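Peer 1: Let me begin by handing over the structure; questions about it come next.
Nothing in this text is a laboratory measurement; each read-out follows from the coordinates by a stated rule. All of these numbers come straight from a predicted model, not from anything done at the bench. Quick reminder, even Gly has a Cβ in these numbers, built from the backbone with ideal geometry, and neighbours come from all protein chains shown.
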Amino acid sequence: MEGQLLGGRYRLVRQLGEGGMGEVWEARDETLDRQVAVKVISLLAGGESRGDDARARFLREARITARLQHPYIVSVHDLGESDTQRGTVPFLVMELVRGEGLDVKLREGSVDLAEAARWGAQICDALGDAHAHGIMHRDIKPSNILVTPSGTVKVLDFGVARAADPYATADRLTQTGFIVGTPPYMAPEQARGHPEPRSDLYALGCLLFELVTGRLPFQAPDSVGYLTAHLSQQPPAPSSVAAGVPEAWDAVLLRLLRKDPTKRYASAADAAQALRRLADAPKPVPAATAPLAEAWPSSSPGGPSPRKPVAPRSWIAIAIWFLITLVAATVTAANIDGAYDGRDVASGAGAVAIVTVGLIVWFAVEARPGWQARVALPLRFLPPALLFCAYAMVVASAAADDSIDWGYWLLPGGISTLTLAGLLAMAAALTSRTERRRRGIGYALVGVNAVAVLGSSTQLVSGSRVGFQYVGFVQPQWVPLAVGVSAIALYCTREITTRRAGSASGSRRTPPSTTTRAGSPRSSR
Ligand code: ATP
Ligand code: MG
């Protein structure tokens, strides 16, 4: 295409890069006699009527985004169509930015933390301006951010991902029902087809995470893996991924990466403020004294932080605390075993003390996003661990009984122990739904549980032991049966949800420009 004249005015000089939608060229504007950048959207090349519709839509959408004028947003000078060998192709003429993309900076290696925070704040300024004009970016990623030699950013491709969607139909364009974006950086709600301005903040969170740690918050082999991870996995704290990242960064990035957009910064301006505080933080920030509280957005700069509203989940924690306290108090007051030996009071007080400590820990963790990511993994193991303890207590009290039939215990008891161990290991397998190896472990454990269920039900059906009172009211056959069945149900539910999320995002295809080139989920790299 070199030397070609587009729109009777723009002479292509040299190719600057190539993305999923087409190529970007340095060109000479022969009318105004200046250098420009021209993005040729070859994705929309063609001559048939469907292609015409798509191009008309592209021009319409691109015209809207071209109205943006901001020092951190690349200016769009012109739009046009040109006849090439491949048919009519739309193109976008922009200001030519002399600088490097953040993708190049990432490849080159270490990015200074303060610099990353400054760039992040400038990107937020650009996003804030666009959002105020009702325009979302939808495809914030390293290759769409250029850094000029003077160190300021220029955000590229505002709204272009959506404009260049060749499959959108006229009515779908007005709906929130299709996906554009790049999976490694895509907010959960955007993956579900409902992007909103704060989806751009999420993508920025992924980008900054990558800048300061050198890796993305989630690792996955393909686009579906990324989308699934955004939908269901908790991101790690950046300071736990890369040494030298202060905890103050954890709070800001994990807040940008919250699954629920309402839990992120309320606006790009709030996020910019938090990032500017990080940029101004003295170097190096000692981890122990990192001002975590600063990460919460403050509507009054320099003033006291506003009180954080109590989240709905916290109300649930308070309700559970209240319920357990009420039950403990009732049990203590009713003195159910009739013996006044102080045991009721001790156990009631003990239960209240445990749930109170639990509630205090809950609030401490809620207040610190950095801690939340750290406890997310151990918390997954809590329910199976508690179940295992309860089962161990039942077995121990049975073992203390002289009348125990060990041969009887070993078969169903052994199987149910295996089942519980399987449940524990399955919790581990469930921590990642995107790694093939762990998925395999999950399937194998479902098999083990199925065998356990079969063994236990055979015992039940044979009838030889039915009626045997093992420990009080618990018939042991029911223990492995119940645990095995719920383990299988748990696994299947997770599996179905994951696959549904995956196929939903897969069937609502993402345009190749932004996402899914076979084998390369990060098309721009
Ligand atoms: P996508 O098509 O999904 O946006 P991408 O961002 O990797 O993928 P392009 O947007 O086509 O690809 O951009 C390709 C490269 O061209 C970019 O990496 C950037 O370095 C360069 N580029 C784009 N616009 C300009 C511009 N206005 N000035 C200078 N270089 C630019
Ligand atoms: Mg781009």
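Peer 1: If you plug each phi of the stretch 18-23 into the Karplus form 6.51 cos²θ - 1.76 cosθ + 1.60 with θ = phi - 60°, what whole-Hz ³J(HN,Hα) values come out, in order, with x for Gly and Pro?
Peer 2: Each residue's phi maps through the Karplus curve to give 9, x, x, 8, x, 10 Hz.
Peer 1: Okay, moving on. Can you run phi through the Karplus equation (6.51, -1.76, 1.60; θ = phi - 60°) for the stretch 111-128 and list ³J(HN,Hα) in whole Hz, with x for Gly and Pro?
Peer 2: My calculation for the stretch 111-128 gives 10, 5, 4, 5, 5, 4, 5, 5, 4, x, 5, 5, 4, 4, 4, 4, 5, x Hz in order.
Peer 1: Quick check: residue separation of ARG215 and PHE322 times 0.36 nm, minus the Cα distance between them. What number comes out in nm?
Peer 2: 34.2 nm
Peer 1: Right, next: Give the long-range amide H neighbours of HIS77: residues separated by 5 or more places, or on another chain, with amide H under 5 Å away, using H modelled in the peptide plane at 1.01 Å from N.
Peer 2: VAL93, MET94, GLU95
Peer 1: Take the cross-link list LYS105/LYS259; LYS39/LYS154; LYS39/LYS263; LYS39/LYS105 and give me the ones stretching past 25 Å between alpha-carbons.
Peer 2: From LYS105/LYS259; LYS39/LYS154; LYS39/LYS263; LYS39/LYS105, over 25 Å: LYS105/LYS259; LYS39/LYS263.
Peer 1: Then there is this: Calculated FRET efficiency, GLU26 and CYS389, Cβ-Cβ r, R0 51 Å, to nearest 0.05?
Peer 2: So the FRET efficiency works out to roughly 0.15.
Peer 1: From the phi of every residue in the stretch 192-204, what ³J(HN,Hα) in whole Hz does the Karplus formula 6.51 cos²θ - 1.76 cosθ + 1.60 yield, where θ is phi - 60° and glycine or proline is x?
Peer 2: 7, x, 10, x, 9, x, 5, 5, 5, 5, 4, 4, 5
Peer 1: I've got another one for you. Between GLU100 and residues 5 or more places away or on another chain, which pairs have amide H atoms under 5 Å apart, with H built 1.01 Å from N, and which residues are they?
Peer 2: VAL147
Peer 1: List the residues, sorted by chain then number, that are 5 or more residues from LEU6 or on another chain and whose placed amide H is less than 5 Å from its amide H.
Peer 2: Long-range HN contacts for LEU6: ARG11, LEU12.
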